[in-house]
Amino acid sequence: VPIGPGHNGCYGSGLKQEVAAALRALRDNLLAEQKELEENQAGCSCVVQWKHLESWELQGRSMQQLSSLRASLQQEVHALSSELVAHLLVRDQLRTKQDAMLLDVGDLT
């Protein structure tokens, strides 16, 4: 049962405590999810450290070596793009969830 404004138009202290508790729970949930995401990202990142190659190093390689290097770079770009899309989808889901929780908190006040 929602508590209406008391005398002087103020809401009951119980409602303020509920809102504060809901905000704390929201913050804790979002921090826990962010920590979990960061742990997952550290374990699944497929970034390979590439050595910077000078032009003279590239000129000394055969066409087959250059083609192989190009193919591996394209694979890496594709993998990184896929990983980025996955992270952006998770981010959007978390923002949607956060917005829904904030609306719920707003309804309480």
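The values are calculated or read from the model by the stated rules, or taken from the named source; none is laboratory data. Worth saying up front: this structure is predicted, and the values here are computed from it rather than measured. Cβ placement follows ideal geometry from the backbone for every residue including glycine, while neighbour counts extend to all protein chains displayed. The accessibility values were calculated without ligands, DNA or RNA, using every heavy atom of the protein model including side chains. Shrake-Rupley method; radii C 1.70, N 1.55, O 1.52, S 1.80 Å.
Cβ separations smaller than 8 Å between residues 6+ apart or across chains give the following pairs from segment 1-24 residues that are over 24 Å from ALA100 (Cβ atoms) to residues that are modelled with pLDDT under 70 and open to solvent by 50 Å² or more (accessible area, probe 1.4 Å): GLY4/TYR11; PRO5/TYR11; GLY12/ILE3. The set of residues from segment 76-95 being under 12 Å from the mean Cα position of the chain (by Cα) and open to solvent by 90 Å² or more (accessible area, probe 1.4 Å) comprises LEU84, LEU89, ARG91, GLN93, ARG95. Against the numbered list (1) assigned to a helix (DSSP H, G or I); (2) of a type outside the set (Phe, Trp, Tyr); (3) modelled with pLDDT under 80, LEU84 comes up short only at (3).
Out of LEU58, LEU73, one residue alone is over 30 Å from ALA100 (Cβ atoms), surrounded by 11 or more Cβ atoms within 10 Å (Cβ to Cβ) and modelled with pLDDT of 90 or more. It is LEU73.
Evaluation of VAL105 against the conditions (1) in contact (Cβ under 8 Å) with a residue 60 or more places away in the chain; (2) open to solvent by less than 60 Å² (accessible area, probe 1.4 Å); (3) more than 16 Å from ARG27 (Cα to Cα); (4) not aromatic (Phe, Trp, Tyr) shows that the sole unmet condition is (3).
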